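Shown next, in structure tokens, is the structure this report addresses.
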Amino acid sequence: AMTGHPWGYGDEDGPEAWHKDYPIAQGNRQSPINIVPEETMYDASLPPIFLSYEHCNSINIYNNGHSVIVEFDDTDDRTVIRGGPLDNAYRLKQFHFHWGGKGSHGSEHTVSGKTYASELHLVHWNAAKYKTFGEAAAGPDGLAVIAIFLEIGDEHRGLHKITDALYMVKFKGSVADFKGFNPKCLLPNSLLFWTYPGSLTTPPLHESVTWIVLKEPITVSEKQMGKFRMLLISGEEEEERTRMENNFRPPQPLKGRKVRASFD
Ligand SMILES: NS(=O)(=O)c1cccc(F)c1F
Ligand SMILES: [Zn+2]
């Protein structure tokens, strides 16, 4: 069933057209943004980010036609983040990626205009304040997303489990078991971050996200990135086979928002 409005990243249904079905696309706290380090504010009162991922358990991996998503059991506070700009614990719900067609464009956030080959989003929700993820996704302080840049270089040993599973979810709508994966292995050495109030970067573009963008990228190989580009946005039964690539929204206007840095 065509629940909601069909959107994508093509010429007709891409980011420039989303405002027609989702007028908040032209709102005052849209994401992603271009981060200009010289214009961020060092906030010495920002505590570090704490990730409590010890008992984290992935459930499945899923191709929704826009990205590839690893979902978690969020029925209790076993996998949460705290600290940084957050007032309480936020529960990990899923992580997913955005990437380009080749080379080093594909990230959503940029740093002084620099793009990265891909961007990983770890999506958490404020279960202390909202009853469900859906409600949190629509609330001003409902979500906290940790963004990690991926740059091309040596292969990433933690990412192998994911890239080796992508063949199982080639088609839109496909889902496969994917248990026991802990995304802690995808974190860079440093948890230094920028943070600002923003939105989902895909429709419905709710302005409900506290963004936590890590400064240090992780390194993945071109071969590993290539496996993401084998994914299709089309379903198994469809005639045309369109590759899933360039599934990123470009930077949006800052509209007076302050970006804080956890480091000087
Ligand atoms: N790209 S994104 O992290 O903003 C995002 C996308 C879809 C659902 C979400 F909850 C979400 F956070
Ligand atoms: Zn995302």
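The values are calculated or read from the model by the stated rules, or taken from the named source; none is laboratory data. Quick caveat: nothing in here was measured; it's all calculated off a predicted structure. FYI the Cβ positions are ideal-geometry reconstructions off the backbone, even for glycines, and counts take in every protein chain you see.
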Residue 130 vs. criteria touching a strand residue (DSSP E or B) at 6+ places or on another chain (Cβ under 6 Å) and touching a residue at least 12 places away in the same chain (Cβ under 8 Å): no
Please name all residue pairs, on different chains or six or more residues apart, with Cβ atoms under 8 Å, provided the first residue is in the stretch 149-167 and is in contact (Cβ under 8 Å) with a residue 12 or more places away in the chain and the second residue is polar (S, T, N, Q) and in a strand (DSSP E or B). 149/118; 150/118; 150/219; 151/219; 152/219; 153/219; 154/219; 156/219
Provide a single number: the residues in the stretch 32-53 that are among the aromatic types (Phe, Trp, Tyr) and without any contact (Cβ under 8 Å) to a residue 40 or more places away in the chain. 1
Which one of these is closer than 25 Å to residue 131 by Cβ, in contact with a His (Cβ under 8 Å, 6 or more places away or on another chain) and within 13 Å of ligand 1 (Cβ to nearest atom): 69, 33? 69
Name the residues in the stretch 1-30 that are within 15 Å of ligand 1 (Cβ to nearest atom) and of a type in the set (A, V, I, L, M, F, W, C), would you? 7, 18, 24, 25
Can you spot a residue in the stretch 54-62 that is buried (at least 17 other Cβ atoms within 10 Å of the Cβ), within 16 Å of ligand 2 (Cβ to nearest atom), touching a residue at least 60 places away in the same chain (Cβ under 8 Å) and closer than 23 Å to residue 174 by Cα? yes
From the options 195, 242, residue that is surrounded by fewer than 17 Cβ atoms within 10 Å (Cβ to Cβ), away from ligand 2 (no atom under 15 Å from the Cβ) and of a type in the set (Ser, Thr, Tyr): 242
Go through the stretch 125-137 and give me each residue that's assigned to a helix (DSSP H, G or I) and within 16 Å of ligand 2 (Cβ to nearest atom). 133, 136, 137
Taking residue 115 and the conditions (1) away from ligand 2 (no atom under 16 Å from the Cβ); (2) without any contact (Cβ under 8 Å) to a residue 24 or more places away in the chain, which numbered condition does it fall short on, given that it satisfies the others? (1)
Take the residues in the stretch 84-128 that are among the small types (Gly, Ala, Ser) and touching a Lys or Arg at 6+ places or on another chain (Cβ under 6 Å); name whichever of them is nearest to residue 221 (Cα to Cα). 89
Quick check: anything in the stretch 211-221 at pLDDT below 95, surrounded by fewer than 21 Cβ atoms within 10 Å (Cβ to Cβ) and under 30 Å from residue 48 (Cβ atoms)? no
For the stretch 159-167, indicate whether the set of residues that are within 16 Å of ligand 1 (Cβ to nearest atom), within 17 Å of the chain's Cα centre (by Cα) and under 27 Å from residue 81 (Cβ atoms) is non-empty. no
Here are 59, 49: which of them is of a type in the set (Val, Ile, Thr), closer than 25 Å to residue 228 by Cα and under 21 Å from the mean Cα position of the chain (by Cα)? 59
Within the stretch 92-112, how many residues turn out to be assigned to a loop (DSSP other than H, G, I, E, B) and either within 11 Å of ligand 2 (Cβ to nearest atom) or buried (at least 22 other Cβ atoms within 10 Å of the Cβ) (or both)? 4
Do we find that residue 139 is more than 10 Å from ligand 1 (Cβ to nearest atom), modelled with pLDDT of 95 or more, surrounded by fewer than 24 Cβ atoms within 10 Å (Cβ to Cβ) and more than 19 Å from residue 35 (Cα to Cα) in this structure? yes
